[in-house]
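Here's the structure we're looking at; comments come further down.
What follows is calculated from the coordinates using simple rules that are stated; it is not laboratory data. Remember, predicted model here, so these are calculated numbers, not experimental data. Neighbour counts run over all protein chains shown; Cβ positions are idealised from the backbone, glycine included.
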Amino acid sequence: MATMADLDRIALSMPQATKEVSDGRPAYRVHGKLFILHRSRRPDAVDPESGERLDDVLMFRVADLDVKELMLADDRGVFFTTPHFNGYPAVLVRIPSLARLDADELEDLVAEAWLTRAQKRVAKAWLREHELADG
């Protein structure tokens, strides 16, 4: 069961990752480029039952729209999108839904988001290092 503390730990373990907090909401960047964001209440993400704007939505960058579609097809319903993100390589996750991911899934989600924004040489070095560690 993944938590926001796990997300924070994993995101900040990525090379050159930084965290900014605005209104208590973290935004994770690498070289100034956003890869994960805790969104503020927006009109495009509302609770289907109450109609209230959701306050617990995380945005994760993904490699491309094909990856996004695969993630949205996950039967667990962890990942979603809104019309605001049509044509944009990102998926949304409600914070309580993190608990439906295991630690490895969250690590992969964060790493993939980071890889979309990291400098190529930094990303290649990280991939080489983790290929050796996994192999």
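The lysines within cross-link reach of LYS120, meaning a Cα-to-Cα straight distance under 18 Å and a gap of 8 or more places when in the same chain, are LYS33. The aspartates and glutamates within cross-link reach of LYS124, meaning a Cα-to-Cα straight distance under 17 Å and a gap of 8 or more places when in the same chain, are ASP108, GLU112, ASP134.
When the chain is treated as a Gaussian network with alpha carbon springs shorter than 10 Å, the biggest mean-square fluctuation among LYS68, LYS124, LYS33 belongs to LYS124. When peptides 72-85, 49-62 are ranked by their average number of other Cβ atoms within 10 Å per residue, the highest-first order is 49-62, 72-85.
Using the Cα centre of region 1-68 as origin and beta-carbon charges of +1 (Lys, Arg) and -1 (Asp, Glu), tell me which of THR18, SER50, ALA5 is placed farthest towards the positive end of the dipole. Value: THR18. Relative to the longest principal axis of the C-alpha atoms of the chain, give the angle of the C-alpha long axis of helix 103-117, reported between 0 and 90° and rounded to the nearest 10°. Around 80 degrees separate the two axes.
Think of each Lys and Arg Cβ as +1 and each Asp and Glu Cβ as -1; about the Cα centre, that makes the dipole of region 74-135 roughly 440 debye. The charge dipole of the chain, taken about its Cα centre with unit charges on the Cβ of Lys, Arg, Asp and Glu (plus for the first two, minus for the last two), comes to roughly 760 debye.
The listed peptides 19-25, 109-115, 38-44, ordered by packing as a protection proxy, come out as 109-115, 38-44, 19-25 (highest mean of other Cβ atoms within 10 Å first).
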